[in-house]
1. So for the stretch 78-154, considering every pair of alpha-carbon atoms, how many percent are separated by more than 21 Å?
2. Please work out the ratio of the alpha-carbon Rg of the chain to 2.2 N^0.38 Å and round it to two decimals.
3. Excluding residues on the same chain fewer than 8 positions from Lys39, give the lysines whose Cα lies under 29 Å from its Cα.
4. With all protein chains present, how much of the accessible area of the chain (probe radius 1.4 Å) comes from carbon and sulfur, to the nearest whole percent?
5. Debye sum, Cα scatterers, the stretch 1-111, no solvent: what log₁₀ I/I(0) at q = 0.11, 0.17, 0.19, 0.24 1/Å?
6. With unit charges on the beta carbons (Lys and Arg positive, Asp and Glu negative) and the dipole taken about the Cα centre of the chain, which residue among Pro9, Val196, Ala220 sits farthest to the positive side?
7. Do the sum for the chain: with -39,500 (n - 2.57) for every DSSP H run of n ≥ 4, divided by all residues, what is the mean residue ellipticity at 222 nm, to the nearest 500 deg cm²/dmol?
8. Residues with amide H under 5 Å of Ile26's amide H, sequence separation 5 or more or different chain, H placed in the peptide plane at 1.01 Å from N; which?
Amino acid sequence: AMLDERPKPLAGRRIIVTSGPTHEPIDPVRYIANRSSGKQGHAIAAALAKLGADVRLVSGPVNIADPAGVATTHVETAVEMKEAVESLLPADAAVFVAAVADWRTANASGEKIKKVAGEGPPSLKMVENPDILAGVGHHSRRPGLVVGFAAETQDLIGNAEAKLRKKGADLIVANDVSHESGIGPSGVMGGDRNKVRIVSKSGVEEWPEMGKDEVAARLAALIAERLATIVV
Ligand code: CTP
Ligand code: CA
């Protein structure tokens, strides 16, 4: 292989990334999930690794390969994702790209739930999942830089600013998923392109639409720039 001689501004930096959806079991054969291909999160993990970071990726179930040069932990549920992330602290930065299911069933059935003639569908009792980003954003071992994502169908900036504050994040990468092309191979979710705004205390920066790999490269560069100003 050719020697990679590009500068490594993130050498010696440990960065946690979450990616993909979580699956919350209903019974052994059924689950509740969010839409997420893992493409954006995995691309960010790869881009950070390219800049020399020691990247720890925690991924929910996805159909794409682990990024090269990235130590990847595979999890299924939000509770497992939270445990995996917190066991990786301390870190210099953490980037929360996963589409975590907001709720899980209160008690998943150990046996497959059977259709019973005349009984109708089961009622699922749901409970809220832990907020992994907020937990890390307010953690005693909070990384110096905490980055979240927000996919919104309305009031993109207002909602992103609220998440920034509530979750204790430094940056929120906001994307508008309101347009009908938001889902599927050509949309944000499942597609290869993304249009984001970077929301922080100092304001909102709009990035042009670009490939998810370019969003990842730009975000990795921004993270390197921000971390360079944090003294360790
Ligand atoms: N997130 C998380 N753990 C959760 C829910 C969300 O870590 N249980 C993270 C996501 O990875 C993302 C950010 O929080 O970085 C925002 O996720 P989002 O679903 O947009 O926010 P919620 O607070 O769940 O609000 P809502 O779904 O109601 O918009
Ligand atoms: Ca949510």
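The values are calculated or read from the model by the stated rules, or taken from the named source; none is laboratory data. Quick caveat, the model's predicted, so the values are computed rather than measured. Glycine also receives a Cβ, built like all others from the backbone with ideal geometry; neighbour counts cover every protein chain displayed. For the accessible areas, the whole protein counts, side chains as well, though only heavy atoms, and no ligand, DNA or RNA atoms are used. Shrake-Rupley method; radii C 1.70, N 1.55, O 1.52, S 1.80 Å.
1. Details: 1331 of 2926 pairs.
Pairs farther apart than 21 Å: 45 percent.
2. This ratio for the chain stands at 1.06.
3. Result set, ordered by chain and number: Lys8, Lys50, Lys82, Lys163, Lys166, Lys167, Lys195, Lys201, Lys212.
4. Values: 6360 of 12310 Å².
Summing carbon and sulfur atoms, their accessible area is 52 percent of the total for the chain.
5. These q points yield log10 I(q)/I(0) values of -0.38, -0.77, -0.91, -1.26.
6. Pro9
7. Working: 5 runs with 57 residues, N = 232.
Computed ellipticity for the chain at 222 nm equals -7500 deg cm²/dmol.
8. Amide H neighbours of Ile26, under 5 Å, 5+ apart: Tyr31, Ile32.
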